[in-house]
Structures are given as structure tokens and as C-alpha cells.
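Undergrad: To start, I am sharing the structure in question, which I have written as C-alpha cells.
The values are calculated or read from the model by the stated rules, or taken from the named source; none is laboratory data. Since the model is a prediction, treat every value here as computed from it, not as a measurement. Because the Cβ atoms are built from the backbone with ideal geometry, glycine has one as well, and the counts that use them run over all protein chains shown.
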Amino acid sequence: MPSQVALTVAYTLSATISVSAALAIFRRREVRGGRPLGMLLLAAALWALCDAIELHLPTVEGRRLISQIQYFGVISCAPFFFHAAMELARLEARITPTVLVMVWGIPIVSLVMAWTSQWHTWLWVRIEMPAAGSPFSTYVYGPWFWVLAAQHYLLTALNTAILLGARRRVTRAFQAPMMAVVVAMLISWIGNILYIFKLGPWPGMNYLTISLGLSGAVLAWAVVSEGLLDLLPRAREALLETIADGVTILDRTDRVIYSNTAAQDHFGMTAAASAVPPAIRIPEKNRSSAPWLGELAVPNGPNTRWLDMRVDPIADRWGDVAGRLVVTRDVTVRKVLEDDRERLIAELKTALSEVRALEELLPICANCKKVRDDKGYWSQIDVYLQTRAAVEFTHGICPDCDIKLYSQLREPVPE
């Protein structure tokens, strides 16, 4: 049997751990789930501190009074756990007034019964001082105590199911801290069962108080080390979910450990997919280079989706490649516009060649040899050419015209 001093130290240490964890969590109280988790740990700390004080009270009424104070923490743990689970699972919109009455109604009635227990036996039939050689009081429970215990067990089971369901929806980075919350609550659940049913090596010892301290340590680890309530990782996650570019993170074996909504749309995969899409398989010769750039044609129903892809290695603390960051951008519209532009340019070149072929045909009068310009005017061919080319003309008479025009002026040639 543990000594009174050892039990006092254990209960006080459990309360200290719970308060420390609550302070760490309250620094992040603006994040959903932060406030109820912090309040849960403060309730657990009050519970443990009252257990430590009760060990040193010499009368039944003194132990009744400290138990009445303790009940502020006793009745609050399961409901605060419910609020934390709902907020962490993003289900707080479902907490209606009816749900609040169902969650808090029995605990509040139990608190009233604790503070009026000297006049009835609904919660405690009687409180017995420790027997010789034992530091533990004996509480003989009334019928309402089992109503409260049943409600707390059902509520804890519901909270655990909510968190396990939410764990499947969050990104892989947050699955471990979410599971830590479940483990923390299971530890306290086991401690409660051991205490209520007087199990374990020392019946009467409040194992729940000790287990709540352990739960507080697990929650502190999930918050401080794993970033359960850190705003920055959540902001990064929110940013990645809202950007238009696809972001996929692969581990060293090319398995998908994260993909945002855009990437899932680009490759037609689900959020839970772990197999790398065939489209982002990287040629072996490029696996160690950074970055790798490429253009992908991904089937998209009857059409083709075009993606620009960039792959960068992610190095671990020793400089080895621990994974890859794949960023994709949908350039289908740009690709279609480029194809339309190329087609239009080809059509214009064809039309231009046809126009040039037509421009090489020069209308000329069959009689006077005047030519017609593009405005429909007829002009001498030398005038036409001078206006369109840097050509200067010199005038002379060809032999045929010389004979035709001036033959009568020539002297007859003697025979």
C-alpha cells in the first residue's frame, strides 16, 4: 500500500502536469479545440489536487466538502472532452441547444446532488473514513452516481468515435496528434474504470487522477511537439488547399503522402490515394536532378488536359533525398490558344501566298500597253513602275520604231 506521502506526491504531480499542459494549450486557445482541451486539463488538475488534500482531512464532513469542490472537475471532464472532439472534427455546428442539454444536464444535476448530499443518499449513501493501515476513504455510491458514470462512459465512447472518424479525414501530418488525443482519453477511461470498480493492486486509490496526469502529458506532446493546435501548419494547409496549382508530396518510395484539391483534380485521384499517378513518374536519369521540368498530357474524359510539372527533391537533415515536391499547373487553355494561334498563322500564311500570287498578275492594255493600277487607273507603264520602284527611265528609239517613224526622212541608199 502506498504511503500517504507517496500518494500526495503522485496526486500533486498529476495536477502539476495537467496545469502545465493546460497552459501550453491555452497559448493556442484561438484555434478550434484549444479552449475545451485546456478546460478539460484544468478540471483534471482540480480533481487531482482535491484528491491530494482529502488524504489529510481528519473528518467525514471535511472529506465531503473537498469532494463537493472536486465535483466541479469531476462532472466537467467528459463534457469538455466532447466539445474538444467536436471542434477538432469540425463538427461544432452540430452542437445545438438540445445537444448541450444532453451533454451537460446530468453533470449539472450531479453537481447539485453533490452539494446537497448531506440531506439525501442519491449520490453517496455514506462516506467512511480510512480503515487502519489505509489512507483511502470509502465512498458508498447511490443510484444517481451510476447514472452519471454511465453518461460519462457513453460520452467518452462517442468522443473517441468522433476523433477516430476525423482522423481519417485530416492530412497525414495531423493523424498522429489526433490519435494522441484518442490515446490520452483512453488512458483516463481505463483509470476511471479501475477506480470506480475498486480494481488494481490498491483498491480505493484514484487511478483516474494519475491517468489524467498521463493524459495531460500526452496532450501536451501532441500540442507542443506535433503541432496539433499550431496555427501555422493549419495556415499552410489552408493555403495549399486554396491555390490553383496542384501540390503533391511523395516519399522516397514515390508514395503519395499529401495532395491538395487541385492535384487530386489534375490526376483524378482521391485524398486518401497513396499510389503515385502514372503521369508523374519521373525518368530514372532525372531522379537525382533538381528541378525536373516537363509537360504532361493527361486524359480527361474525351479530352486531354495539359499540365506543366515541376519536381523538386526534398532533402532530410542529412542532405539525402527524403521525398519529392510535385507542383502542377493546368495549362490546357493556354495550350488550346497556342494551337489556335498556330493554326491561324498557317491559314494567314496560305492566304498571303495566294494574295502575292494574285499581285504578280499586272493588267496591261493589249493595244496601247498601258497598265492598270490597284485603284483602277490606267497609266503608262514607265509611270506605273516609277511610282512603285526606284527606277529612272531614259528614252530612246528602237530600230524597228526608227524605221517606222523616220524612214521617209532618210536619204535613199544608192544602188
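Undergrad: When residues of the range 121-161 are filtered for being buried (at least 19 other Cβ atoms within 10 Å of the Cβ), at pLDDT below 90 and closer than 23 Å to residue 92 by Cβ, how many remain?
TA: Within the range 121-161, residues that are buried (at least 19 other Cβ atoms within 10 Å of the Cβ), at pLDDT below 90 and closer than 23 Å to residue 92 by Cβ number 4.
Undergrad: Looking at the range 49-101, which of the residues that are within 20 Å of residue 25 (Cα to Cα) and either acidic (Asp, Glu) or not assigned by TED's automatic domain parsing to the domain that holds residue 152 (or both) is nearest to the chain's Cα centre (by Cα)?
TA: Once the filter is applied, the top-ranked residue is 87.
Undergrad: Just to be sure before I move on: is residue 73 buried (at least 18 other Cβ atoms within 10 Å of the Cβ) and more than 25 Å from residue 139 (Cα to Cα) in the structure I sent?
TA: It is false that residue 73 is buried (at least 18 other Cβ atoms within 10 Å of the Cβ) and more than 25 Å from residue 139 (Cα to Cα).
Undergrad: Which residues, taken from the range 34-53, are among the charged types (D, E, K, R) and surrounded by 23 or more Cβ atoms within 10 Å (Cβ to Cβ)?
TA: Correct list: 51 only.
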